[in-house]
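Participant: One structure, pasted below without further comment.
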Amino acid sequence: MYRSTAKHFIMTLFAFLIAFSVHAEKLPNITILATGGTIAGSGATSTTTVGYTAATVGVQQLINAVPELSKISNVTGEQVFQIASESMTNEHWLTLGKRVNTLLAQPNVDGIVITHGTDTLEETAYFLNLVVKSRKPVVLVGAMRPGTALSADGPINLYNAVLIAGSPEAVGKGVLVALGDQIHGARDVTKTNTSTPDSFKTPELGMLGYVQGPKAHFYHVSTRKHTVETEFDISNLSALPQVDIVYGYANMNPVALNAFIAAGAKGIVHAGTGDGSVAAKVKPDLAAARKNGTVIVRASRVGNGIVARNGEANDDELDFVVSDTLSAQKARILLMLGLTKTSNTKELQRMFYMY
Ligand code: DGL
């Protein structure tokens with residue numbers, strides 16, 4: 001009798017293991033690359049939603065906090081950095097971009113989720129949108145509240161990001177950003193509020209879709225080139241050209257501009273007032289910088305709309321580039337990568353109308 005019980009138990013266990021492995025084989029293999037931020041933050045009390053410490057919780061703890069992940073993916077985690085994202089650097093971006101490309105080249109990796117602080121999440125997303133050489137999904141996710149807070153948004157944001165990364169609908173859409181049940185494209189998403197959970201928006205140009213169900217629902221795609229369609233390759237880069245941003249305002253002067261030039265900036269993004277306007281006190285120094293070889297991109301501090309070429313300045317005569325609709329912080333990224341290919345302003349302007 002015992003022999004038949006044991007035989008029955010072994011056969012049941014064997015059947016379960018086969019069923020489990022078949023089920024696991026059907027689930028997408030998603031790698032979570034953790035970089036820090038509030039999603040990995042912790043506060044002193046459950047009502048601490050500001051004044052907490054970012055980048056204190058490791059990737060495995062983030063994964064363990066969302067056991068539902070194992071129902072939608074075979075997930076593995078890597079701690080790439082552990083920083084608050086205001087301290088993200090070009091070197092971090094090169095390390096992260098190379099790691100993403102290495103992983104996505106592996107046939108057993110179906111998608112990548114990157115947990116990240118929200119302060120510069122939109123910038124990292126756009127950088128990766130230009131350098132990732134795969135159509136597989138890459139989804140950046142953050143949180144506006146630490147995991148210790150009441151109604152922390154990190155766990156559900158992480159679950160949604162993994163769901164999107166494993167979705168066939170997300171293939172070929174470019175780098176995505178997932179917070180608050182929404183799916184945004186890397187090029188146009190931006191943080192619009194210092195602290196509220198609905199901070200990430202794609203004003204005017206529109207987000208790409210929602211997570212509900214649990215399913216990724218897409219309604220739009222980006223019209224600009226990204227990932228495998230771009231001309232940028234970071235595989236042999238150990239540094240990016242120095243590009244800095246000067247901010248336009250009433251009573252502006254050229255001190256900051258000239259300090260950046262003196263420090264060796266190869267490019268300057270001028271985040272001007274209105275339609276990228278340049279103050280009369282600043283224009284001579286900006287023109288001189290261009291004549292001395294620094295590439296100048298006219299952007300706007302406004303946040304939405306096209307910076308028109310030859311609108312608020314004679315760009316043809318001054319040999320300036322305009323940012324199209326890119327924010328100043330994203331124009332800096334495109335200019336840095338553009339300068340790894342050329343310093344020809346006609347070629348650089350083409351890139352701003354292409355990416
Ligand atoms: N220090 C900010 C950062 O790491 C916290 C904001 C957040 O991650 O939501 O970006």
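Participant: Filter the stretch 259-281 for residues that are in contact (Cβ under 8 Å) with a residue 12 or more places away in the chain and surrounded by fewer than 16 Cβ atoms within 10 Å (Cβ to Cβ) and give the result.
Facilitator: ALA263, GLY264, GLY274, LYS281
Participant: Considering the stretch 248-282 alone, what residues qualify as being in contact with a helix residue (DSSP H, G or I) (Cβ under 8 Å, 6 or more places away or on another chain) and among the basic types (Lys, Arg)?
Facilitator: Correct list: LYS266 only.
Participant: Still on this structure, please answer the following. Please name all residue pairs, on different chains or six or more residues apart, with Cβ atoms under 7 Å, provided the first residue is in the stretch 71-96 and is of a type in the set (Phe, Trp, Tyr) and the second residue is buried (at least 18 other Cβ atoms within 10 Å of the Cβ) and modelled with pLDDT of 95 or more.
Facilitator: PHE81/THR35; PHE81/GLY36; PHE81/HIS92; TRP93/THR124; TRP93/PHE127
Participant: Looking only at residues that are of a type in the set (S, T, N, Q) and within 16 Å of the ligand (Cβ to nearest atom) in the stretch 86-98, which one is surrounded by the fewest Cβ atoms within 10 Å (Cβ to Cβ)?
Facilitator: THR89
Participant: Further question on the same structure: Can you name the number of the only condition in (1) within 16 Å of the ligand (Cβ to nearest atom); (2) among the hydrophobic types (A, V, I, L, M, F, W, C); (3) buried (at least 24 other Cβ atoms within 10 Å of the Cβ) that ALA165 fails?
Facilitator: (1)
Participant: Considering only residues that are closer than 20 Å to SER222 by Cα, assigned to a helix (DSSP H, G or I) and among the β-branched types (Val, Ile, Thr), which ones fall in the stretch 317-353?
Facilitator: Listed by number, the list holds a single entry, ILE333.
Participant: Within the stretch 299-324, track down each residue that is in contact with an Asp or Glu (Cβ under 7 Å, 6 or more places away or on another chain) and closer than 17 Å to ASP244 by Cα.
Facilitator: The initial filter retains those residues of the stretch 299-324 that are in contact with an Asp or Glu (Cβ under 7 Å, 6 or more places away or on another chain), namely 300, 304, 306-312, 322.
Once the filter is applied, which keeps residues that are in contact with an Asp or Glu (Cβ under 7 Å, 6 or more places away or on another chain) and closer than 17 Å to ASP244 by Cα, the stretch 299-324 yields SER300, VAL322.
Participant: Tell me yes or no: at least one residue of the stretch 99-109 is out of contact with any Pro (no Cβ under 8 Å at 6 or more places or on another chain) and surrounded by 23 or more Cβ atoms within 10 Å (Cβ to Cβ).
Facilitator: Yes, there is a match, as at least one residue in the stretch 99-109 is out of contact with any Pro (no Cβ under 8 Å at 6 or more places or on another chain) and surrounded by 23 or more Cβ atoms within 10 Å (Cβ to Cβ).
Participant: A follow-up question, please. For the stretch 99-123, how many residues are more than 16 Å from the ligand (Cβ to nearest atom), outside any loop (DSSP other than H, G, I, E, B), in contact with a helix residue (DSSP H, G or I) (Cβ under 9 Å, 6 or more places away or on another chain) and not β-branched (Val, Ile, Thr)?
Facilitator: Keep residues of the stretch 99-123 that are more than 16 Å from the ligand (Cβ to nearest atom), which gives 99-112.
Then keep just the ones that are outside any loop (DSSP other than H, G, I, E, B); that gives 99-104, 111-112.
Narrowing the set further to residues that are in contact with a helix residue (DSSP H, G or I) (Cβ under 9 Å, 6 or more places away or on another chain) leaves 100-101, 111-112.
With the extra rule that they be not β-branched (Val, Ile, Thr), the set shrinks to 101, 111.
Going through the stretch 99-123 one residue at a time, the tally reaches 2.
Participant: Here's something else I'd like to know. I need the full set of residues from the stretch 59-102 which are hydroxyl-bearing (Ser, Thr, Tyr) and within 15 Å of the chain's Cα centre (by Cα), in order please.
Facilitator: SER85, SER87, THR89, THR95
Participant: Hey, another quick one. Look through ILE39, ILE83 and report the one residue that is within 8 Å of the ligand (Cβ to nearest atom), out of contact with any Asp or Glu (no Cβ under 8 Å at 6 or more places or on another chain), within 28 Å of GLY213 (Cβ to Cβ) and at pLDDT 95 or above.
Facilitator: The conditions single out ILE39.
Participant: If TYR353 meets every condition in (1) within 29 Å of VAL132 (Cβ to Cβ); (2) among the aromatic types (Phe, Trp, Tyr); (3) surrounded by 15 or more Cβ atoms within 10 Å (Cβ to Cβ) apart from one, which number is that one?
Facilitator: So the condition that TYR353 fails would be (3).
Participant: Let me ask something additional. For the stretch 57-94, name all the residues that are charged (D, E, K, R) and touching a Leu at 6+ places or on another chain (Cβ under 9 Å).
Facilitator: From the stretch 57-94, those charged (D, E, K, R) are 68, 71, 78, 86, 91; that's our starting set.
Listed by number, the residues that qualify are LYS71, GLU78, GLU91.
Participant: Given the structure, is SER199 in contact with a Leu (Cβ under 8 Å, 6 or more places away or on another chain), surrounded by fewer than 20 Cβ atoms within 10 Å (Cβ to Cβ) and among the polar types (S, T, N, Q)?
Facilitator: yes
Participant: Further question on the same structure: Restrict the check to the stretch 26-33 and report whether at least one residue is over 17 Å from THR118 (Cα atoms), surrounded by 14 or more Cβ atoms within 10 Å (Cβ to Cβ), modelled with pLDDT of 95 or more and of a type in the set (Val, Ile, Thr).
Facilitator: Taking the stretch 26-33 and keeping what is over 17 Å from THR118 (Cα atoms), we get 26-31.
When the remaining residues are screened for being surrounded by 14 or more Cβ atoms within 10 Å (Cβ to Cβ), the result is 27-31.
Imposing the further condition that a residue be modelled with pLDDT of 95 or more reduces the set to 27-31.
Then keep just the ones that are of a type in the set (Val, Ile, Thr); that gives 30-31.
So far as the stretch 26-33 goes, yes, one or more of its residues are over 17 Å from THR118 (Cα atoms), surrounded by 14 or more Cβ atoms within 10 Å (Cβ to Cβ), modelled with pLDDT of 95 or more and of a type in the set (Val, Ile, Thr).
The values are calculated or read from the model by the stated rules, or taken from the named source; none is laboratory data. What you see is a predicted model, and the numbers here were worked out from it, not measured in a lab. With ideal geometry, Cβ positions are generated from the backbone for all residues, glycine too; neighbour counts draw on all protein chains shown.
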